[in-house]
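Single-structure report; data block below.
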Amino acid sequence: MRFSTILVAWLCVVATGAAQTPAPPHLSPIHQRTPEPGVTWGGEVDSSSRYVWRGLPYSEGAVVWPSAWISGKGFTFSLWVNADHRYRPRFNEYDVSAAYERTVGRLTVTGTFSRYTYREVAGDPGSTSEAVVRAVYSIGPGEAFATSSFDVEKYRGAYYVDFGYAVDRDLSSKSLLKLDASVALWTKFAEKYGVPSDGPLGPATVNVALVQKLTAAFAVRPHVTFTRLLDPGARHALRTPWVTYGVAVLFGQ
């Protein structure tokens with residue numbers, strides 16, 4: 001079956017689902033996005049069959065992703081780590097992020113500054129930083145979103161933007177199905193990262209996850225991601241796996 005057919009099918013599912021507000025990246029989906037008084041915290045230990053970021057394959061095999069976050073008064077600080085068995089030390093990437101979120105009516109805007117630190121065995125590690133702006137608008141059964149990322153350090157001028165739609169559906173009081181689909185524009189991103197490119201369209205992505213709450217503070221989240229590089233040059237050069245999968249264990253207040 002062609003990927004485009006799968007993508008259209010998932011979009012149809014998304015368009016007919018019942019809406020719940022999805023959690024921001026790296027935040028435990030045990031809770032709703034609605035701000036709560038005081039300080040909240042949480043974390044997860046995720047895994048994936050491959051490390052694929054914006055259509056670029058960053059590992060040859062399975063990886064583990066521990067992360068933690070703390071949030072209060074609209075601010076969120078998070079740490080995300082990549083563990084890849086090919087490298088020594090085992091933990092070869094550390095991402096630190098600071099974000100601020102505001103909601104006005106149906107619109108939620110989040111500004112994030114992220115520092116990506118890579119610890120490779122040899123050569124230039126390529127550590128860099130990005131400024132990210134994400135806008136989410138509640139419409140129909142779910143939310144439309146757009147994310148713009150600007151590199152401000154090593155790959156200065158790299159620009160990556162994706163547009164998509166997300167929906168959550170409660171299957172039971174303890175089970176939540178999460179679906180989202182997006183398409184990216186990546187001309188400057190591909191240029192700065194040295195990716196052979198034949199056009200402005202980057203990866204098309206569909207994410208499917210099932211959050212199963214175990215207790216008030218713990219949950220598991222099996223997930224699968226479908227990725228198709230719409231850029232023929234990049235698709236031929238990178239040979240990005242079109243399916244990745246894994247499971248996360250989540251905890252938090």
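A Cβ distance below 7 Å, combined with a sequence gap of six or more or placement on separate chains, defines the contacts here; from region 163-177, residues that are basic (Lys, Arg) reach residues that are part of a strand (DSSP E or B) in the pairs ARG169/LEU177; LYS174/GLN212; LYS174/LYS213.
Residue count for region 193-238 satisfying the condition of being in contact with a Pro (Cβ under 6 Å, 6 or more places away or on another chain) and under 30 Å from SER173 (Cβ atoms): 2. So is PHE113 of a type in the set (Phe, Trp, Tyr) and within 25 Å of THR76 (Cα to Cα) or not? So PHE113 fits the description; yes. How about region 229-253: which of its residues are in a strand (DSSP E or B) and within 26 Å of PRO66 (Cα to Cα)? Those that are in a strand (DSSP E or B) and within 26 Å of PRO66 (Cα to Cα): VAL243, THR244, TYR245, GLY246, VAL247, ALA248, VAL249, LEU250, PHE251, GLY252.
Of ALA131, ALA181, all but one fail to be closer than 30 Å to LEU210 by Cβ and either among the aromatic types (Phe, Trp, Tyr) or at pLDDT 95 or above (or both); the exception is ALA181.
Scanning region 141-187 for residues that are assigned to a strand (DSSP E or B), aliphatic (A, V, I, L, M) and in contact with a Leu (Cβ under 6 Å, 6 or more places away or on another chain) turns up VAL161, VAL167, LEU177, ALA181. In the set ALA219, ALA190, only one residue is crowded, with 18+ Cβ neighbours inside 10 Å, touching a Ser or Thr at 6+ places or on another chain (Cβ under 8 Å) and part of a helix (DSSP H, G or I); that residue is ALA190.
The values are calculated or read from the model by the stated rules, or taken from the named source; none is laboratory data. A quick note: this is a predicted structure, and the numbers were derived from the prediction, not measured. Neighbour counts run over all protein chains shown; Cβ positions are idealised from the backbone, glycine included.
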